[in-house]
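What follows is one structure encoded as structure tokens, with my remarks underneath.
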Amino acid sequence: MAGEPQADCLFCKIVSGEVPATVVRETDTTVAFRDINPQAPTHVLVIPKVHYSDAASLAAAEPQVTADVLREAGGVAADEKLDETGYRVVFNTGSGAGQTVFHAHAHVLGGRGLNWPPG
Ligand code: 5GP
Ligand code: ZN
């Protein structure tokens, strides 16, 4: 069923605790944890606990949870003092854009200068 945990999904396993992660924030609907291969001094992933393959499909099915993910991205930024210097929230969507894990996730990046446009 839509939103149900997927047996072969790495981020569903992080939600269940089967795969460990350095969790920095958690709510009833979201988990935020440090990226294993950080691309900036702060690089945190915010994921919904429900499984959708990307941000657009999450937004279509679960608008409130999508808002929760964005609010928590802002919470991470405030926790890490990035709201004072600026930060970026990224949803890579599709393999051509660098998406490698097909469970919706927001990257929260900051703590260094961020080029625009991104590569
Ligand atoms: P994507 O490339 O799909 O936008 O982002 C997936 C992110 O997940 C990558 O930045 C990658 O470093 C991160 N990642 C992959 N495997 C793990 C893992 O086992 N633990 C954590 N914490 N992050 C992971
Ligand atoms: Zn999943």
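Laboratory data are not the source of any read-out in this text; all were calculated from the coordinates shown. Note that the structure is predicted; figures quoted are calculated from it, not measured. Cβ coordinates were reconstructed from backbone atoms using ideal geometry, including for glycine residues, and neighbour counts include every protein chain displayed.
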Please report, in whole Å, how far the alpha carbons of the chain spread along each principal axis, starting with the longest. 41, 29, 26
The long-range amide H neighbours of residue 99, using H built 1.01 Å from N in the peptide plane and a cut-off of under 5 Å, are 93, 94
Full-stretch length increase - residue 81, residue 26 - with 0.36 nm per residue and alpha-carbon distance subtracted: 18.0 nm
Give me the net charge of residue 39's neighbourhood, meaning all other residues with Cβ under 11 Å from the Cβ of residue 39; Lys, Arg count +1, Asp, Glu -1. +1
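Full extension from residue 37 to residue 56: what is 0.36 nm times the residue separation minus their Cα-Cα distance, to one decimal in nm? Can you show the working numbers first?
Values: separation 19, 0.36 × 19 = 6.84 nm, distance 2.44 nm.
My answer for the length gained is 4.4 nm.
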Based on Cβ point charges of +1 for Lys and Arg and -1 for Asp and Glu, what charge dipole magnitude is obtained for the chain about its Cα centre, in debye rounded to the nearest 20? 300
For the Cα atoms of the chain, what angle does the longest principal axis make with the long axis of helix 63-79, in degrees from 0 to 90, nearest 10? 30
I need 22, 85, 93 ordered by Cβ neighbour count within 10 Å, fewest first. 22, 85, 93
Rough spin-label spacing in nm, given labels placed 7 Å along Cα→Cβ, for residue 67 and residue 115: 3.7
Among 118, 102, 89, which residue has its Cα furthest toward the positive end of the charge dipole of segment 51-119, with +1 on Lys/Arg Cβ and -1 on Asp/Glu Cβ? 118
